[in-house]
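See below for the structure under consideration.
Just so it is clear, none of the values below were taken in a lab; they were calculated from the coordinates. Since we're looking at a predicted model, the values are computed, not measured. For neighbour counting, all protein chains shown are included, and Cβ atoms are generated from backbone atoms with ideal geometry for every residue, glycine included.
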Amino acid sequence: MTPSRALASIIAVTMALALWVAPVAAQPAGTLVVGLVAEPVNLDPPQVTDLNSNRVGRRIVETLVTFPEESTQIVPGLAESWTISKDGLQYTFKLRRGITFHDGTPLNAEAVKFSIERQINPNHPAYKLGKYPFANFFFGNVKAVEVLSEERVAFLLNEARASFIAVLAQGAASIVSPTAVMKWGPDYPTHPVGTGPFRFASWDRGQRVVLEKNPTYWKYPVKVERVIYRPIVEDQARLTELLTGTLDVIVGVPADFVSQLEQNAKITLLKQVGAHVWYLGMNNQKKPFDDKRVRQALNYAVNKDAIVKDVLKGTGAASRGPVLPGTWGADPALKPYPYDPERAKKLLAEAGYPSGFSTTLWVPESGSGMQAPVAMSTVMQSNLKAVGVNVSLQTMEWGAYLAKLRTKEQELFALSWMAGTEDPDMVMYPLLHSSQWTPVGPNRALYKNARFDTLLQQARLTTDQAKRAQLYREAQRVLVDDAPWVFVDHEIQIAALSKRVQGFKLHPSFDLRVETISLK
């Protein structure tokens with residue numbers, strides 16, 4: 001956006017905030033319109049790596065276990081109960097009776113087996129129909145999924161994993177219609193079929209995704225007839241459409257306007273800290289980032305507090321590491337990198353770069369959990385230039401950006417992660433364990449540390465939460481010293497709603513649960 005266009009957008013939004021511009025066009029009765037920060041990439045959650053896709057796709061499909069409102073404690077989902085063997089190697093689930101997929105086929109143990117094994121069994125008929133980027137992380141420990149009866153299914157593990165029940169609440173564990181997957185083949189992600197509160201209706205690329213309510217939803221009656229998701233990348237444009245009545249719900253509220261929205265009687269503003277981390281990744285296998293001193297120097301060079309205060313306007317909290325502070329696995333004694341440009345220069349000189357160096361920073365234009373990626377990266381670019389590191393910014397559309405990161409060609413890159421749960425295994429292992437290097441997993445920094453890997457593996461095999469916490473805290477200390485990322489912030493998620501929206505609540509997993517909404 002050019003400076004003149006940006007100024008015009010800000011003026012338009014400010015006038016709308018002050019005057020509450022009359023709606024341009026009334027929404028159809030029973031229709032909820034949601035503004036997303038980027039277009040979904042894929043509507044099959046096991047194939048998804050971005051939050052916008054999950055926020056839409058998970059309205060269509062469901063999991064065996066789930067999270068209740070405003071909590072990440074595990075509760076029954078499609079399974080009404082489960083048992084865990086004493087050795088932690090078998091999880092047996094009893095499915096609810098009478099649930100059908102949107103295509104009329106039954107939810108049963110065979111469908112559960114199909115949904116998981118299509119991701120991990122190379123001989124499965126659906127294995128080559130998609131790409132499952134998190135299958136190794138979530139299900140690499142699954143030896144088999146056994147059908148015990150129509151309503152009972154067992155997961156057999158190669159070794160115990162303390163976080164496995166939390167795994168089964170993730171999008172990758174979604175239960176899909178085997179009939180639909182085999183019918184649509186590689187095109188299934190644009191024709192998803194599940195048991196969820198909404199059915200897929202249509203997808204007009206670049207414009208909208210439309211879902212219609214599932215009239216026979218098993219959990220409760222859905223009160224909204226349809227949901228239209230519209231991708232609107234520019235923050236000001238998204239906010240203006242909310243204020244003029246063409247959108248009902250937006251996420252990614254521009255930080256500059258939060259205080260004004262809080263005073264607007266026509267808007268409901270919701271805030272909640274979530275399990276999120278925003279980071280500047282470094283390719284640990286490329287020079288000069290293969291030198292720990294360089295990585296530490298960048299951590300000292302970036303002014304995280306200024307980014308939180310001046311760019312995010314308090315909608316984030318400066319990060320000390322990947323784990324959300326105040327949760328059971330966080331290390332309260334972990335010391336953050338202070339802003340210390342002189343220390344950064346000294347480390348660069350010790351590493352053989354007394355005059356700095358030049359590099360490229362890949363940045364998405366927007367994207368799930370990315371807050372204000374271009375503005376944040378521009379501040380970091382200035383910070384790094386002050387210590388001699390000349391950074392060229394290269395911006396990309398969100399979907400293209402995610403694909404580009406799979407090439408391993410990145411030097412610096414801006415990215416975020418929503419763990420979906422407070423369990424440290426769900427952030428530290430996928431993002432930083434050496435077995436999860438992209439493209440197999442989401443370790444795009446290509447980080448590897450044998451001691452760190454061992455600590456994570458030990459924590460997985462330990463069922464005592466206090467002992468797990470000790471292991472994760474030691475792992476965090478290893479990580480912060482090694483500095484594979486610049487640790488930037490944890491987002492305070494914000495949503496803005498029109499007053500016609502009733503019953504919506506933010507979720508700490510960053511899921512967007514519109515099935516709870518009714519419209520006035």
Report task. Mind putting a number on the dipole of the range 232-358 about its Cα centre? Charges go on the C-beta only, +1 for Lys and Arg and -1 for Asp and Glu, and I need it in Debye to the nearest 20. Result -> 540 debye
Report task. Would you please give the residues with an amide H less than 5 Å from that of residue 78, counting only those at least 5 places away or on a separate chain, with H modeled from the backbone geometry? Result -> 63, 64, 65
**Report entry** Dipole magnitude (debye, nearest 20) for the chain, charges at Cβ of Lys, Arg, Asp, Glu
**Finding:** 20 debye
Query - For the range 74-82, Karplus couplings with θ = phi - 60° (6.51, -1.76, 1.60), whole Hz, Gly/Pro x - result: 6, 9, x, x, 5, 9, 7, 6, 7
Query raised in the report: In percent, what relative contact order does the chain have, based on Cα pairs under 8 Å that are 6 or more apart in sequence?
Result: 21 percent
Report task. Before anything else, pin down the relative contact order of the range 65-182: Cα pairs under 8 Å, at least 6 apart, normalised by residue count, whole percent. Result -> 30 percent
Report summary line: Quick shape check on the chain: root eigenvalues a ≥ b ≥ c of the Cα gyration tensor, a/c under 1.5 is rounded, otherwise prolate if a/b tops b/c, else oblate, and it reads oblate
Report task. Return the sequence-ordered ³J(HN,Hα) values of the range 313-328 in whole Hz as given by the Karplus equation 6.51 cos²θ - 1.76 cosθ + 1.60 applied to θ = phi - 60°, using x for Gly and Pro. Result -> 6, x, 8, x, 10, 4, 9, 9, x, x, 8, 5, x, x, 8, 5
Requested in this report: With unit charges on the beta carbon (Lys/Arg positive, Asp/Glu negative), name the residue among 442, 371, 486 whose Cα is farthest towards the positive pole of the charge dipole of the range 276-492.
Outcome: 486
Query raised in the report: aspartates and glutamates within cross-link reach of residue 345: Cα-Cα under 18 Å, excluding same-chain residues under 8 positions apart?
Result: 290, 291, 481, 482
Query raised in the report: Once you sort the root eigenvalues of the Cα gyration tensor of the range 276-492 as a ≥ b ≥ c, which label holds: rounded (a/c under 1.5), prolate (a/b larger than b/c) or oblate (the other case)?
Result: rounded
Query raised in the report: How many angstrom separate the Cα center of the range 231-249 from the Cα center of the range 318-394?
Result: 31 Å
